[in-house]
Amino acid sequence: GTLIDNNYQRLTIRLNHELTISKKLKVGNNLAYSHYISNNKPYGLFTTAYIAAPLFNAKNADGTWGNTEKSNVGNPLATLKELNDRSYGDRATGSLWGEYQIIKGLSFRSSFGIDLEQNNGWVYVPVYATYLPSGQLAGQQNEKSDLRFNRDSIYHWTWDNFFTYEKKFGTAHNLKLTAGHTAERRDGWSQVANINNGNIINDKTTWQLNFTDTARGQVNEQRRPIGNYFRRESYFLRANYGYLDKYLLSATYRRDGNSNFPTTNRWGNFYSVGLGWIVTSESFMKNQKIVDFLKLRSSYGEVGNDVVAPGSFDLIPTLDNFAYFGTNRINGATITGIRDPNLQWEVVKEFDFGVEFKALNGHLTGEIDYYHKKATKALYRIPLPSLGFGNEFITNAADILNEGLELSLGWNNGTTGNIRYSVRGNITFNKNRVESIGAGQAIVDGGLGNGTTSTKTSVGQSIGEFWVYKTNGIFQDAAEIAAYPRLDNTQPGDFRLDDTNNDGVINEDDKVFAGSYQPKLFYGLNATVSWKQFDFSIDIFGNAGNKVYNAKKGVRFGGNYNAEFDVAKNYWQPGSNNNVNPRAFNGSTAVSDYFVESGSFLRINNLTAGYTFKIKGEHNPLQSFRFYASAQNPFIFTKYTGFTPELPGTPTASGIELNIYPIAATYMVGVNLQLK
């Protein structure tokens, strides 16, 4: 890892088997076991180091930890080194399957898979302190040692059973039918032991607790179930029909159920139908020599999304509460959250029309697809910033449309000759639009951790669109401030914000939509070339037309933080007439288009070059070995001034760089051996 001492190790063993018992019966298994050890460090420390004042020694000459009164961020290196966070565990996965040929054309297959996990972890923080240059204690210190030990046990099984019938009728008709049932369950439990009274010495041999002791002030807790537990069940039918190997029909039907929905909405019915026409199988295509293969296809289908947490449909939960009036105790309750009792399946409806082709003796290949994909009753977590209980709830919030065109083209010069090469590229044009919002109100999200938000999901806009003030220069003096609408406490050096509705007041009604994290196009390119024993490949991808919000450039949370170089070198000062960067500040400025930047980028994902040595000799067990060098993520080309424009998040709050953790480039050399 990028952080000191952050590392991970894993050992994996796999065993796959297939055994033919008879002409009608085959059985098999896929088994795997892994053990891991992870030395964890909080990724947030990279952000802390980024904004910490560079004005003190992280470690003093006498071995104590340093600190400074110039900043209230503290010493991130002290936190990093004093925190002991280790996790380790075991995982066993396996599936057993059997397939039986009942009669000619009719078979039955059953498969049972299970995934067992046990994850253990301890976090120990010893007594430590940091010191100012004067020798005084700083605020960053841990006065009592603390130890927390946890163990999670999780099981997840899936059982599939289905019949398959295949039959060819004469020379024209091909039919394949599948019918089956799937059952699935995930569950588990968690145990936690904690001692935080300062009685744990700095000795790792004492850091594993047994969940039963109560000595030394140990507190034990067992929770069940754990995490995202669920039960799923599905019934499905699928039919594939071909006529003359050129007219194709496919259809599916599914009935899916999930225990995490309320009883009345637990089941959903979903179907799809697709048509295909292999044009090159027609007689009028026989005499041409340009197109080798041409297929037209179209489909319509509905699928369900059931990614909801357990208890998401429960009634509003309460906690017992009470108050004393004199000597009388009055019992009551506190609202702690909201649940939607009418929660139901999200349904994604998609229409697709496409063309597949090969031409020029297979040298040219390609696909063209148009898609119209609409998520109805989409499941989203809705923030509740104005309420005093809970901060979000999940509901069927909106209808979201994605519509676009996908193009893919490839060219290769064949498999013979000293020089061989292939190039394949793809591009997708996508339009994202919110069609309706079930809750009736726009979804305000994209919290910046200081009480302000940066996105708004509204009908007619892209999901998670940035919703900000539009800047119009910087106030240079008090006279300008007095002559123009402004926010409270505006000072010279603050942004002048547009009064977009011309009502003489700057408030939320003046915010504008400034683009979203949803790109207008995605693209990728892969190319390989080889000459004799040399080979080279490159892989590129990127997107364009989207925006990101560089929050780390302006959010200060009221602290004494280190500023970015681009801000600090050119901040506003009296008389500077600077209209680019605002004055120096240690608070949070209004969300504005100053922080909205282009999210377009082109990334070199991989570069690989190699040379293959051929080994001669009839009795030599080695046929060849290839030496190669590879670079993963070596370059990115972007106008974005932050660390990375790739900032995924929740659908209504993506594209915000608030916390920082850099993406690493990896350079490797290796050898591939091939035995005879």
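The values are calculated or read from the model by the stated rules, or taken from the named source; none is laboratory data. Just so we're clear, the structure is a prediction, and the values are computed from it rather than from any experiment. Cβ: placed from backbone, ideal geometry, glycine included. Neighbour counts: every protein chain shown. Heavy atoms of the whole protein, side chains included, go into the accessibility calculation; ligands, DNA and RNA do not. Shrake-Rupley method; radii C 1.70, N 1.55, O 1.52, S 1.80 Å.
For the range 149-171, what are the residues that are more than 34 Å from the chain's Cα centre (by Cα), among the hydrophobic types (A, V, I, L, M, F, W, C) and at pLDDT below 95?
F169
Name the pairs: first residue in the range 576-591 and more than 14 Å from N560 (Cα to Cα), second residue open to solvent by 40 Å² or more (accessible area, probe 1.4 Å) and at pLDDT below 85, Cβ to Cβ under 6 Å, at least 6 apart or on different chains?
What qualifies is N581/N570.
Please go through the range 474-494 and give me each residue that is part of a loop (DSSP other than H, G, I, E, B) and either charged (D, E, K, R) or touching a Phe, Trp or Tyr at 6+ places or on another chain (Cβ under 7 Å) (or both), ordered by number.
Passing the criteria: D477, R486, D488, T490, P492, G493, D494.
Name the strands (runs of 3 or more DSSP E) wholly within the range 322-424 that hold at least 1 residues that are modelled with pLDDT under 75 and either within 28 Å of G446 (Cα to Cα) or open to solvent by 70 Å² or more (accessible area, probe 1.4 Å) (or both)?
Of the strands (runs of 3 or more DSSP E) lying wholly inside the range 322-424, those with at least 1 residues that are modelled with pLDDT under 75 and either within 28 Å of G446 (Cα to Cα) or open to solvent by 70 Å² or more (accessible area, probe 1.4 Å) (or both) span 328-335, 364-383, 392-412.
Please tell me if N72 is without any contact (Cβ under 8 Å) to a residue 40 or more places away in the chain, out of contact with any helix residue (DSSP H, G or I) (no Cβ under 6 Å at 6 or more places or on another chain) and either in a loop (DSSP other than H, G, I, E, B) or among the small types (G, A, S) (or both).
Here the answer is no, as N72 does not meet what is asked.
Could you say which residue among G257, G242 is outside any loop (DSSP other than H, G, I, E, B), under 19 Å from E356 (Cβ atoms) and in contact (Cβ under 8 Å) with a residue 12 or more places away in the chain?
Only one candidate passes the filter, namely G242.
Anything in the range 82-100 that is closer than 14 Å to Q141 by Cβ and open to solvent by 50 Å² or more (accessible area, probe 1.4 Å)? List them, or say none.
The answer is none; no residue qualifies.
Select from the range 216-230 the residues that are surrounded by fewer than 14 Cβ atoms within 10 Å (Cβ to Cβ) and part of a strand (DSSP E or B) and write down the one among them that is modelled with the lowest pLDDT.
Out of the qualifying residues, it is R223.
What are the pairs with Cβ atoms under 8 angstrom where one residue, in the range 196-215, is within 17 Å of K144 (Cβ to Cβ) and open to solvent by less than 90 Å² (accessible area, probe 1.4 Å) and the other, located anywhere, is in a loop (DSSP other than H, G, I, E, B) and among the acidic types (D, E)? Sequence gap at least six, or different chains.
Close Cβ pairs (under 8 Å, with a partner that is in a loop (DSSP other than H, G, I, E, B) and among the acidic types (D, E)) amount to G198/E143.
Show the residue pairs that are 6+ apart or on different chains and have beta-carbon atoms under 9 Å apart, the first residue being within the range 26-53 and closer than 28 Å to L96 by Cα, the second being open to solvent by less than 60 Å² (accessible area, probe 1.4 Å) and of a type in the set (A, V, I, L, M).
Here the result reads L31/A92; A32/A92; Y33/A92; S34/A92, each pair linking the range 26-53 to a residue that is open to solvent by less than 60 Å² (accessible area, probe 1.4 Å) and of a type in the set (A, V, I, L, M).
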